[in-house]
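Worksheet: the structure to be examined is printed underneath.
The values are calculated or read from the model by the stated rules, or taken from the named source; none is laboratory data. Remember, predicted model here, so these are calculated numbers, not experimental data. We place every Cβ from the backbone using ideal geometry, glycine too, and count neighbours over all the protein chains shown.
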């Protein structure tokens, strides 16, 4: 800007030098000439002024060309991400200037590479946090949360592995016993009870581990504030991470019981149908083996029902439980997608204008119109519909 102002001043000065003498000193119609001699015009003055002006223009152009070359070299040294940031910063300042906001404060740019770039998107931060636990807390500079994260996940995982070592031998022993005979005995009941208790503890430890892991991924998304991220994207991302988190972020708390209750019901139905499927699958295998080799079972069928039902009937029950289990899995997936869509749409509607300007008014109308055949004005009745938006 200073260069352009300097050039304009020099051009004005140069043009003033090139003005003719008559324009500089105006004389009237009657002129008194002393000494009896008229002043002769300088025929070379215009040529000298033109050469002087041309030299000034060439000097100004050379200075401007040197400055432009320096600016071009500086721009060429910028990386593509720097150019993208500068463009976005210029647009933000322009918008702020339109709103009358002070934009004199400049933000200092820190570049740490691809893995810790300041311009990293929210989705990329969450994906990396899924693979590298604790990355989101490091990116958000919340280092004090790392011991809590690794402590909970590590403790839960260690307890799960320890309990799983106890559960596996019990399960193998139970499977080897029931593969031959499903008759209920005190030994089988005691073994099954011990296996169920061990499996319950194992599932609790696994649940703590997974819940801690998912919570810290969601915490990375909530604490993300490097770039201006809309509430719509945050709500959608949280709904993808864990069902119901998007509704909590949108403060639609009344929807959370429906989402959590729906998923809890689906998980229970999947588990119940899967247990029924495994039960009748084993009974069908034992009964089918008895039908093929009756000599191996001198005491009769060893299935749970001791031959009271046919193999085809038990097979149909097995297929029904399997079909219901698969249907519940599909419904769980549909419920997962539905709660994501709900969080996305709800976040959009938070900023929807529902003021009094959005209204419709219907009222009766009485008007007068000229009718040539009747030679005067006649009343016209109707309705007036007005929309405000």
Check on residue 209, touching a residue at least 40 places away in the same chain (Cβ under 8 Å) and part of a helix (DSSP H, G or I): yes
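Given the criteria surrounded by fewer than 14 Cβ atoms within 10 Å (Cβ to Cβ) and at pLDDT 85 or above, does residue 127 qualify?
Values: surrounded by fewer than 14 Cβ atoms within 10 Å (Cβ to Cβ): yes; at pLDDT 85 or above: yes.
Criteria met by residue 127.
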Residues of region 245-271 being free of Cβ contacts under 8 Å to residues at least 60 places away in the same chain, surrounded by fewer than 18 Cβ atoms within 10 Å (Cβ to Cβ) and in contact with a helix residue (DSSP H, G or I) (Cβ under 7 Å, 6 or more places away or on another chain), which ones? 256, 269
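Can you go through 191, 170 and tell me which one is under 30 Å from residue 299 (Cβ atoms), without any contact (Cβ under 8 Å) to a residue 24 or more places away in the chain and surrounded by 15 or more Cβ atoms within 10 Å (Cβ to Cβ)? Outline the logic, then answer.
Details: 170 fails: without any contact (Cβ under 8 Å) to a residue 24 or more places away in the chain.
Sole residue among the options that is under 30 Å from residue 299 (Cβ atoms), without any contact (Cβ under 8 Å) to a residue 24 or more places away in the chain and surrounded by 15 or more Cβ atoms within 10 Å (Cβ to Cβ): 191.
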Pairs please, first residue from region 228-241 and in contact (Cβ under 8 Å) with a residue 24 or more places away in the chain, second anywhere and outside any helix (DSSP H, G or I), Cβ atoms under 6 Å, 6+ apart in sequence or on different chains. 235/250
